[in-house]
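Here is the structure we will look at.
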Amino acid sequence: MLAVRGVATHVVTAGESGRTVVFLPGTNFSAATCLPPATALCARARAVVADLPGQPGLSSAERIPRGARLQWYGRWLTELIDKISDEQVVVMGHSLGAAIAPASDSPRVGRQVLVSPGGLTRLRLSPAVVNASAAWVLRRSPAVGAGLLRTMHGPDHTPRRMLVDWMTLVAKHVRTSTDPGKAPIGAPDVDRSVLVGDHDVFLPVRALAPAVRDTLGIEPHVVPSAGHLVIEEQPARLVSACLG
């Protein structure tokens, strides 16, 4: 446990060789839920997975004020990197974590990998997603949690039981947060790549791609047969984006 910007921050570190990769989970997720990407990363790098303060996990439960949330997280990430490494790092973020990554102006960040990034365009909520999300909040059962996760997956992907159990606990005990708002770009010249599943229901390629071009000046890489939970479905693809 680290004190970062005055709040308790829980990190899990695995792997001892290669570059340090800092992984930031998305909304309602934590280090405990990120076994597939963490396992793939620690085979080739030193992986540091952080529980975001104000999100479910073992970091501080105090919710970050909405007005300047991403700016606060950007400063938090800069200080976290200072505490965990004396060398350049790669930062990989998913969803909310990918909205936080570019908000940091740390000179120690050599590369950012933004997976299904929030903060570049508003989330799209289809009727199917709204219905699944409402049922998850109201009924709080494993069956509806699994249903929500299925909407977040690409075709032919089945939610892990651990994730179903986790989402059931989150529905029962956590007030979920909303769209993170517009992501500030703390260091415009950092080497960045963006990955998004071609079946992402929150950030469909048709909406995300123009925002990535306008904001970051790059083209997103589209991952076939993957949904919003591409970190579950294609962890090896993400590691290749980080480390080559």
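The values are calculated or read from the model by the stated rules, or taken from the named source; none is laboratory data. Since we're looking at a predicted model, the values are computed, not measured. Neighbour counts run over all protein chains shown; Cβ positions are idealised from the backbone, glycine included. Please note that ligands, DNA and RNA were not included when accessible areas were found on the heavy atoms of the full protein model with its side chains. Shrake-Rupley method; radii C 1.70, N 1.55, O 1.52, S 1.80 Å.
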- Query: With charges only on Cβ, +1 for K and R and -1 for D and E, what is the dipole size of the chain about its Cα centre, in debye, rounded to 20?
  - Reply: 640 debye
- Out of (1) 7, 30, 38, 20, 5, 0, 0; (2) 8, 35, 40, 17, 1; (3) 7, 28, 35, 22, 7, 1, which label holds the value of P(r) over Cα pairs in 10 Å bins from 0, in percent that was computed here? (2)
- Task: Go through region 7-105 and name the GluC sites (Glu not before Pro) that are in a DSSP coil and have 12 or fewer other Cβ atoms within 10 Å of their Cβ.
- Result: Glu16, Glu62, Glu87
- Note on the structure: Once amide hydrogens are built 1.01 Å from N within the peptide plane, the residues lying 5 or more places from Leu120 or on another chain with amide H under 5 Å from its amide H are Ala183
- Message: Skipping prolines and chain starts, which residues have an amide H placed within reach, meaning under 5 Å, of the one on Leu195, given they are 5 or more residues away or on another chain?
- Response: Leu114, Val115, Ser116, His221
- Give me the accessible area per residue for the chain, probe 1.4 Å, as a whole number in Å². 43 Å²
- Considering only region 1-50, percent of DSSP beta bridges that pair antiparallel, nearest 5: 65 percent
- Note on the structure: Amide H neighbours of Val22 at under 5 Å, excluding residues fewer than 5 places away on the same chain, with H built from the backbone geometry, are Val48, Val90, Val91, Met92
- Which of Pro224, Ala143, Leu243 sits farthest toward the positive end of the charge dipole of region 139-244, with +1 on the Cβ of Lys and Arg and -1 on the Cβ of Asp and Glu? Ala143
- Item | Gained length - Val222 relative to Ala187, 0.36 nm times residue gap less alpha-carbon distance | 10.2 nm
- Task: Quick one: go through region 203-231 and flag any residue whose amide nitrogen is under 15 Å from the point 7 Å out along the Cα-to-Cβ line of Asn131.
- Result: none
- Message: Roughly how far apart, in whole Å, are the Cα centres of region 51-93 and region 166-244?
- Response: 17 Å
- With N denoting the number of residues in region 10-69, provide Rg(C-alpha) divided by 2.2 N^0.38 Å, to two decimal places. 1.20
- Which ³J(HN,Hα) values in Hz, rounded to whole numbers, follow from the phi angles of region 154-167 under the Karplus curve 6.51 cos²θ - 1.76 cosθ + 1.60, where θ = phi - 60° and Gly and Pro get x? x, x, 6, 10, 10, x, 5, 4, 4, 5, 4, 4, 5, 5
- HN-Hα J couplings of region 41-46 from phi, Karplus 6.51/-1.76/1.60, θ = phi - 60°, integer Hz, Gly and Pro as x? 5, 6, 6, 10, 8, 8
- Return the sequence-ordered ³J(HN,Hα) values of region 13-19 in whole Hz as given by the Karplus equation 6.51 cos²θ - 1.76 cosθ + 1.60 applied to θ = phi - 60°, using x for Gly and Pro. 10, 8, x, 10, 10, x, 6
- Item | Over the chain, relative contact order from alpha-carbon pairs under 8 Å, at least 6 apart, % | 20 percent
- Percent of accessible area on the chain owned by carbon and sulfur, 1.4 Å probe? 54 percent
- Task: Have a look at Pro184, Pro107, Pro159 and tell me which one the Gaussian network model of the chain (Cα, springs below 10 Å) gives the largest fluctuation.
- Result: Pro107
- Potential extension, Ala43-Gln88 segment - 0.36 nm per residue separation minus Cα distance: 14.3 nm
